[in-house]
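Since the structure comes first, as structure tokens, the remarks are kept for the end.
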Amino acid sequence: MLLNKNDKIDLGGGDSIVVQKLLGEGGQGEVYLVTRNGQPFALKVYKDFESEDFRYNLKNNIDRGVPSEDFLWPKQLLDFTDGHIGYLMDLRPKNYVSFVSYLTGKTPFRSRAVLLHWCIRLCAAFKKLHESGYSYQDLNDGSFFLDPDTGDLLICDNDNVTADKKNLGILGKMRYMAPEIVRGEQLPDIHSDRFSLAVILFMALCLGNPYEGERLKQYDVIDEKAEYDLYGGNPVFTFHKTDRSNRPIRGYHTSVIRRWPYLPLYIKEAFHRTFVDGLADRENERTTELEWLRLLSAYRDELMTCPSCGYEMIYGFEEKQKTAVCPACGKPAPAVAWLSVGKHRVTLEPGKRLYAPLLDKFSSQYNQEIGEVIQNKKNLALWGIRLNTPQDTAVRDTAGTVKIIPQGGVIPIVQNLSIKFNENTKGEIQK
Amino acid sequence: MSEERMNEERMTGDRMLGDGIARQELNLMFIIDNSGSMAGEKLGAVNNAIRDVMSIMPEVQEDTSDAEIRISALQFSDSAKWVYSEPKSVSDFKWKDLSPEGGTNLSAAYSELGKWLSKKSNGGQMPDIGGVAPILILMTDGLPTSPDWETRLNELKKKGWFRVALKYALAVGINSDEAMDVLNKFTGNPETVLKVYTAEALRKAIQVIAVTASKVKSNSSSKGTGAGGAVVNNNEVAVAEVAGKLEEVDDIEW
Ligand SMILES: Nc1ncnc2c1ncn2[C@@H]1O[C@H](COP(=O)(O)OP(=O)(O)OP(=O)(O)O)[C@@H](O)[C@H]1O
Ligand SMILES: [Zn+2]
């Protein structure tokens, strides 16, 4: 323990903090609960004497400020008289659980739509981080937290974040690191971040690691040599289109085997590109954050709920065949209506949310809600879309009758209804 | 349908398609001398120490998705016997106090250990698929009474799982060069042989080794310049971290 309860640390300028208790410790440091003017904060203190470079980088990150609200970003640097350093950050709110807790099955997301919401936030946060010229460098299962009810995200462990192409000694965690980093050919940067981001997304959607399959059987024990081989020297994607040597193992990789088949084709392609083509061409063949945002939003848009078991399956707009039976229970898939606007297609069922890019193709606010599908309380068979866009909407039914729906009103969900959201944006309800 | 109920059903829906990630097994194995000479304070300290460490292991397990920790304990006196017939998960492993009896048949312990350090399909207890190198912690207070222990050790050393294991030995209240030599031969590294003189030191040593090594072996981020690649020897990292933590503990000697 570097600090004790009730230790008072002077921050200068009459400001000070008081240590309350140890919250936890990791490889690099200890994290304490402290109070400052009665307000609680988390204080991380490094166990080792960190380099001047490390300190400078941390200070610089603090001065430049948080790239997006999803990062639990360092707020203030502390220099202890004995040469140790630390920083203050906000406490992690109690509603967040670790990504590990989700992966191991302990805390499931409330629904698949909420899981996708979290994935989308993750991609949006990394887009912001990368746009600000940073790379994260150490993406792994321990860095992320989630609210299982809302899909809100919190990214912790932000102290290794540096300006892209600069490295302060952390290479990452095995199983998440890009192969070129494992092999020692490159230092972490935006492109290796993208690889690791895809690993995290694959884990989130399939509950498995993209490179762990039959090849695990070749090793008596997964030691350093085996890891180098599996994740660095010769990684083979478990769902490689032509190389079938590393398929997930039946009876062991159960979750992946059951989940992968029901991902939309475009999501599978995006993984394949990153995990196969992206091995050789790290700069051009790794799915970018913006691409993920588009693809994951399309996935969320086409979810529909099984009336028998509640499983959320895809409609199958891009598949060879639309989903006919529920993958989870085998009962017939629901017959739902959908809204098409430009390239977007959104299935319409109560509780479904609509997001900004649907009506504004320049928007990158993939989690900004602009409407919701609701159900009439008195007549449950009547469904409608409540939009909260600032302008009126015009609708025309098959008989040619035009109606103006004022802002905040409800668009009825009826077949072949044409909708004019604004001058440039038109849509139609189909079934 | 109320909203709550709908959520519950949805959750079930998604979870029907598998409800957790497949994890590598990480075996943590205690090898405990319960011969007559351990009677009293020494064995009491061991019993308490293991029970204590078991209360922290669920937290360690909770923080890692990469490995599933499996715990087993081998007791040896006149003969050697596993406390459970197979390695147990952190939540299923319940400690039952050992009682002192008989001699110190280290040979029998090595033979039993050897049997388990094979794949399940070969009659052992190590995973058939993957698996992380195990952590072995041997605790004893004296010289073996079985003369052929070194032959048995040499057989054990032929096992891949033994070679890659992270091996610790705790000398409980002993200090003879001869006895230390036995332990040094087990770990192959004098740095991982510790002499403990008090119950408190034993408790801390077991805790630090079990917790730190499990964390490191299932959870480490690589540090380095990238020159030799990012592959780290987890055992070396664990030994360094354990050593750092044990510096603060009194009554432990290296
Ligand atoms: N802001 C925070 N609020 C509450 N708890 C925190 C906060 N930051 C860290 N912790 C807890 O403190 C512990 C150590 O934190 P952290 O993992 O960041 O340390 P570390 O030394 O960087 O670890 P590693 O290097 O192994 O990743 C963890 O248990 C973590 O949950
Ligand atoms: Zn179903």
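Structure notes:
- Rounded to the nearest 0.05, the FRET efficiency derived from the C-beta distance between residue A:284 and residue A:6 at R0 = 56 Å is 0.50.
- Pairwise FRET efficiency - residue A:320 versus residue A:378, Cβ, R0 = 35 Å, nearest 0.05: 0.30
- GNM top mover of A:135, A:308, A:68 - chain A, alpha-carbon springs below 10 Å: A:308
- Cα-Cα over 19 Å, subset of B:88/B:115; A:268/A:322; A:47/B:245; A:127/A:268; B:81/B:115; B:215/B:245: A:127/A:268
- The distance separating the Cα centre of the stretch A:61-138 from that of the stretch A:254-272 comes to 26 Å.
- Spin-label pair residue B:41/residue B:96, simplified geometry with 7 Å Cα→Cβ offset, distance in nm: 2.9 nm
- Tensor-based shape of the stretch B:140-188 (alpha-carbon gyration tensor, a/c under 1.5 rounded, otherwise prolate or oblate): oblate
- Cα convex hull volume per residue for the protein assembly as shown (Å³): 182 Å³
- Across the stretch A:1-146, Cα-Cα pairs more than 19 Å apart make up 59 percent of the total.
- For the stretch B:89-187, the set of trypsin sites (Lys or Arg not before Pro) satisfying both a DSSP loop assignment and a count of at most 16 other C-beta atoms within 10 Å is given as B:94, B:96, B:157, B:158.
- Assuming charge only on the beta carbon of Lys and Arg (+1) and of Asp and Glu (-1), the dipole of the stretch A:271-351 about its Cα centre is about 280 debye to the nearest 20.
- Of A:264, A:390, A:327, the one that fluctuates the most in a GNM where chain A has Cα springs shorter than 10 Å: A:390
- CD proxy at 222 nm, helix term only [per DSSP H run n ≥ 4: -39500 (n - 2.57); per residue of the protein assembly as shown; nearest 500]: -8500 deg cm²/dmol
- Chain B - percent of accessible surface contributed by carbon and sulfur, probe 1.4 Å: 46 percent
- Sparse-neighbourhood loop sites, chymotrypsin sites (Phe, Trp or Tyr not before Pro) in the stretch A:37-96 - DSSP loop, at most 13 other Cβ within 10 angstrom: A:49, A:80
- Protein accessible surface hidden between A and B, which excludes ligands and nucleic acids, total in Å², probe 1.4 Å: 4600 Å²
- Per residue, the convex hull spanned by the Cα atoms of the stretch A:335-431 measures out at 103 cubic angstrom.
- Principal-axis tilt of helix A:52-64 within chain A, Cα atoms, nearest 10 degrees: 40 degrees
- For residue B:167, net neighbour charge (Lys/Arg +1, Asp/Glu -1) across residues whose Cβ lies under 14 Å away: +3
- Inter-label distance for residue A:340 and residue B:88, nm, one decimal - labels placed 7 Å from Cα along Cα-to-Cβ: 6.1 nm
- With at most 16 other Cβ atoms within 10 Å, longest stretch of chain B clear of loop GluC sites (Glu not before Pro) (DSSP): B:102-246
- Here the Debye sum runs over all C-alpha atoms of the stretch B:41-116 as equal scatterers in vacuum, and log10 of I(q)/I(0) at q = 0.16, 0.27 Å⁻¹ comes out as -0.68, -1.27.
- A Förster distance of 41 Å, applied to the separation of the beta-carbon atoms of residue A:80 and residue B:157, puts the FRET efficiency at 0.30.
- Degrees, to the nearest 10: A:289-301 long Cα axis against longest axis of chain A: 40 degrees
- Cysteines without a disulfide-compatible neighbour (Cβ-Cβ under 4.7 Å), the protein assembly as shown: A:119, A:123, A:156, A:206
- For the stretch A:236-305, the list of trypsin sites (Lys or Arg not before Pro) that fall in a loop by DSSP and count at most 15 other C-beta atoms within 10 angstrom reads A:241, A:244, A:250.
- Within chain B, helices built from complete DSSP H runs that reach 27 Å or longer along their own axis (Cα positions) and carry a mean Kyte-Doolittle hydropathy of -1.0 or higher are B:41-62, B:199-219.
- D by Stokes-Einstein for chain B, Kirkwood Rh over Cα pairs, 10 °C, 1.306 mPa s: 82 µm²/s.
- The stretch B:145-177 and the stretch A:14-49: distance between their alpha carbon centers, rounded to Å: 43 Å
The values are calculated or read from the model by the stated rules, or taken from the named source; none is laboratory data. Because the structure is a prediction, the values reported are computed rather than measured. Glycine also receives a Cβ, built like all others from the backbone with ideal geometry; neighbour counts cover every protein chain displayed. Just the protein is used for accessible areas: all its heavy atoms, side chains included, with ligands, DNA and RNA removed. Shrake-Rupley method; radii C 1.70, N 1.55, O 1.52, S 1.80 Å.
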